[in-house]
Amino acid sequence: MSAVSTSVEGKVATVRFDRGGKANALNSELIAGLESAANAVGQRADVGAVVLTGAAAIFAAGVDLKDEELWKTGAGDVERAQAMNAGGRMTDAWRQVPQAVIAAIEGPAIGGGAILALTADFRVMGASSYLSFPEVRLGMTLGWGGLPLLVERLGSSRAKRVLFCDEKIGPEEALSLSLCDRIVNDGAAVTAACAWAAELAKVPALALRMTKSAIDGNARQNWAGWSEADQFYLSRRLLEEAGRK
């Protein structure tokens, strides 16, 4: 079975990514599958809303640091930069899905997993779930389109605090920070997200898509969007060089 699957019920599509272990870390297979799923579901005129979810007990524990396909160690600079930006292409695809997207989060959503959750229009979090962005503490910048998304939602000062201090953000705090929209009991996030998505799917489709496009187009006029892929690549290279000394 594919690690990324899409099912449709009525006008709601549910995209689930689950590699069956390894904390559901985002490896090259998941990233490619998620990009393809976003592009495919975005083309469906019969789908009015989309639910994005990970494994039953964990959304995603960040990027798979052991997947050599994501780092291409020993390859040339251009090839390495292209490989490292695969996650950015995947999150770009999810940001551009024209329908309303709800992320259903159970358990941890860390690093790249948390960025993926932020690409959704709304987030439903289980009571024991949390968001975390440890990249800066690990010696890397926040890539994959995450920096402008985080600043857009938190403002510059709080975004710095979350990144510099690697704060773990539980559902209640996420709700107060507009990083979460609804909190449900553990295990109920997908059901709640699908019910909400069914209501959103009743909104006239073209009006919703045009409004989402206009709002997102205004919000994404952010300097970081132009430079963060290069920053992520360079910070990773610097981290590797430091490890060799």
(request) Within segment 39-53, track down each residue that is open to solvent by 10 Å² or more (accessible area, probe 1.4 Å) and assigned to a loop (DSSP other than H, G, I, E, B). (result) Gln43, Arg44, Ala45, Asp46, Gly48
(request) Please find, among Asp18, Asp46, Asp64, the residue that is acidic (Asp, Glu) and farther than 25 Å from Leu138 by Cβ. (result) Asp46
(request) Please specify each residue of segment 10-33 satisfying the condition of being farther than 13 Å from Ala86 by Cβ, touching a Leu at 6+ places or on another chain (Cβ under 9 Å), of a type outside the set (D, E, K, R) and assigned to a loop (DSSP other than H, G, I, E, B). (result) Ala25
(message) I'd like to verify a number: residues in segment 58-82 that are without any contact (Cβ under 8 Å) to a residue 60 or more places away in the chain and under 17 Å from Gly111 (Cβ atoms), how many?
(response) 9
(request) Check Arg95, Arg89 and return the single one that is basic (Lys, Arg), open to solvent by 40 Å² or more (accessible area, probe 1.4 Å), at negative phi and in contact with a helix residue (DSSP H, G or I) (Cβ under 8 Å, 6 or more places away or on another chain). (result) Arg89
(message) Among the residues of segment 186-195, are any in a helix (DSSP H, G or I), modelled with pLDDT of 90 or more, within 24 Å of Val63 (Cα to Cα) and not small (Gly, Ala, Ser)?
(response) yes
(request) For residues that are at pLDDT below 65 and assigned to a helix (DSSP H, G or I), tally how many sit in segment 234-245. (result) 1
(request) Working carefully through the options Ser36, Ser7, Ser2, find the one that is outside any loop (DSSP other than H, G, I, E, B) and touching a residue at least 24 places away in the same chain (Cβ under 8 Å). (result) Ser36
(message) Residue under question is Asp64, and the condition is that it be within 12 Å of Gly87 (Cα to Cα) and touching a strand residue (DSSP E or B) at 6+ places or on another chain (Cβ under 9 Å); does it hold?
(response) yes
(message) Of the residues Gly107, Gly146, only one is touching a residue at least 12 places away in the same chain (Cβ under 8 Å) and at positive phi; which?
(response) Gly107
(request) Identify the single condition in (1) open to solvent by 60 Å² or more (accessible area, probe 1.4 Å); (2) of a type in the set (Ser, Thr, Tyr); (3) in contact with a helix residue (DSSP H, G or I) (Cβ under 8 Å, 6 or more places away or on another chain); (4) modelled with pLDDT of 95 or more that Ser178 does not satisfy, given that it satisfies every other one. (result) (4)
(message) For the structure I just gave you, tell me whether Gly217 is open to solvent by less than 80 Å² (accessible area, probe 1.4 Å), modelled with pLDDT of 75 or more and closer than 29 Å to Ala86 by Cα.
(response) yes
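The values are calculated or read from the model by the stated rules, or taken from the named source; none is laboratory data. What you see is a predicted model, and the numbers here were worked out from it, not measured in a lab. FYI the Cβ positions are ideal-geometry reconstructions off the backbone, even for glycines, and counts take in every protein chain you see. Only protein heavy atoms, including side chains, enter the accessible area calculation; ligands, DNA and RNA are left aside. Shrake-Rupley method; radii C 1.70, N 1.55, O 1.52, S 1.80 Å.
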